[in-house]
Amino acid sequence: MQETVLDKEKGSLASSSSSTSSVPKLGFLGVGWIGRNRMEVISRHQAGEVAYISDTAVQNALEAQKSAPEAKQLHSLEAILHQPEVDGVVIATPSAFHAEQSTLSLDAGKAVFCQKPLGRNVEETKRVVEAARENNKLLGVDLSYRFTKAMQEVYKVVQSGELGHIYAIELVFHNAYGPDKAWFYEQKLSGGGCVIDLGVHLVDLALWSMNFPEVRNVQSQLFSKGKPISMAEGKVEDYASASIELENNTHVQLSCSWNLPAGQEAIISATFYGTEGGVAFKNVNGSFYDFVAERYHGTKTEKLCSPPDDWMGRAGVAWAERLAKGEGYNNEAEEYIKVAEVLDKIYGR
């Protein structure tokens with residue numbers, strides 16, 4: 001795999017062959033569509049050994065084992081944690097379980113790579129990060145868009161200072177579909193609606209690209225089926241708009257939704273406007289998978305990169321490669337708390 005600009009967060013995609021490291025043995029908890037994809041990509045890149053698989057849905061486990069015939073099936077997370085040879089656990093279960101399962105794994109001495117959100121709120125997120133710190137274990141979250149070539153190009157431009165003072169960031173994630181599982185619509189299980197499901201990626205991209213500046217103020221409006229709501233009602237939002245004020249007078253505008261009649265399957269973008277130009281990460285033709293990076297000079301557009309880009313699962317590969325090198329807790333895990341704090345403010349928590 002090619003070296004990328006993610007060295008800053010020690011999440012580069014450099015080949016594991018570049019260091020003398022042993023391939024970590026991994027347990028995979030939850031192997032539905034996303035969990036199985038992450039498992040297969042980590043295995044394909046030889047970044048980790050698929051040692052154990054566990055899923056409450058027997059069919060999911062059987063399908064996953066077709067891709068990893070040497071792996072053993074276990075009935076629970078506890079069973080995985082009782083295997084002394086397991087170095088790390090990859091978690092892809094419903095959001096309500098992420099914090100507890102991550103904490104149990106870390107306390108058992110295992111590194112963790114978890115699907116987003118790490119917690120349903122900032123309190124849960126803090127507990128997981130604290131467990132990683134206390135046990136000196138590597139903690140990763142599948143903030144996958146950081147690892148697209150397009151976003152890496154955008155990151156390079158933002159970090160270079162070429163845009164001058166970045167005063168405006170526009171974030172958009174409209175999904176013409178809604179989640180197909182009932183728990184997403186239960187606030188106690190999901191922690192929220194489209195913001196915690198989709199907006200978490202955008203907030204992360206903005207803060208990460210800007211080196212996690214202080215967040216001074218957050219204002220938001222949440223909707224469900226076209227009507228304004230508050231989280232106190234126990235509903236989850238399917239449309240949200242938020243204004244986020246960062247230090248140094250940078251304004252962030254966020255819009256995200258489920259089931260929006262957007263005229264295409266998805267609209268995904270993160271655009272940074274500065275006094276010396278702009279740069280954008282955006283999807284192509286409504287695709288969930290194809291992205292371009294564009295640099296703006298007045299009325300002119302310069303394309304920095306285009307599809308194809310086989311980016312899905314790269315975040316897990318980077319985590320596994322870092323684990324193979326013996327990396328333990330890293331202070332970058334604090335970034336997960338900072339993102340969760342912004343989401344809590346959007347929700348009025």
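The values are calculated or read from the model by the stated rules, or taken from the named source; none is laboratory data. Please read all numbers here as calculations on a predicted model, not as lab measurements. Cβ atoms come from the backbone with ideal geometry, glycine included; neighbour counts cover every protein chain shown. Side chains included, ligands, DNA and RNA excluded: accessible areas come from the protein's heavy atoms. Shrake-Rupley method; radii C 1.70, N 1.55, O 1.52, S 1.80 Å.
Restrict the check to the range 213-231 and report whether at least one residue is touching a helix residue (DSSP H, G or I) at 6+ places or on another chain (Cβ under 9 Å), modelled with pLDDT under 95 and either open to solvent by 20 Å² or more (accessible area, probe 1.4 Å) or within 21 Å of L189 (Cα to Cα) (or both). Within the range 213-231, one or more residues are touching a helix residue (DSSP H, G or I) at 6+ places or on another chain (Cβ under 9 Å), modelled with pLDDT under 95 and either open to solvent by 20 Å² or more (accessible area, probe 1.4 Å) or within 21 Å of L189 (Cα to Cα) (or both). How many residues are charged (D, E, K, R) and surrounded by fewer than 17 Cβ atoms within 10 Å (Cβ to Cβ) if we restrict to the range 299-324? Of the residues in the range 299-324, 4 are charged (D, E, K, R) and surrounded by fewer than 17 Cβ atoms within 10 Å (Cβ to Cβ). Looking across the range 62-93, the residues that are free of Cβ contacts under 8 Å to residues at least 40 places away in the same chain and acidic (D, E) come down to E63, E70, E78. For Y296, the criteria (1) in contact with a strand residue (DSSP E or B) (Cβ under 7 Å, 6 or more places away or on another chain); (2) surrounded by fewer than 19 Cβ atoms within 10 Å (Cβ to Cβ); (3) within 20 Å of H201 (Cα to Cα) hold in every case but one, which is (3). In the set (1) of a type in the set (A, V, I, L, M); (2) in contact (Cβ under 8 Å) with a residue 12 or more places away in the chain; (3) over 27 Å from A324 (Cα atoms), the condition left unmet by A182 is number (2). Checking each residue in the range 116-174 for being open to solvent by 10 Å² or more (accessible area, probe 1.4 Å) and of a type in the set (D, E) picks out E123, E124, E130, E134, E153, E162, E170. Evaluate the range 79-88: report whether one residue or more is over 30 Å from K126 (Cα atoms) and of a type in the set (V, I, T). For the range 79-88, residues over 30 Å from K126 (Cα atoms) and of a type in the set (V, I, T): absent.
Within the range 276-284, identify whether any single residue is basic (K, R), within 13 Å of A150 (Cβ to Cβ) and open to solvent by 50 Å² or more (accessible area, probe 1.4 Å), and answer yes or no. Yes; the residues of the range 276-284 include at least one that is basic (K, R), within 13 Å of A150 (Cβ to Cβ) and open to solvent by 50 Å² or more (accessible area, probe 1.4 Å). Checking each residue in the range 243-275 for being over 21 Å from T299 (Cα atoms), at pLDDT 95 or above and open to solvent by 40 Å² or more (accessible area, probe 1.4 Å) picks out E245, E247, N249, H251, Q253, N259, L260, P261, G263, Q264, E265, I267. Taken over the range 20-52, the criterion of being open to solvent by 10 Å² or more (accessible area, probe 1.4 Å) and among the β-branched types (V, I, T) is satisfied by T20, V23, I34, V50.
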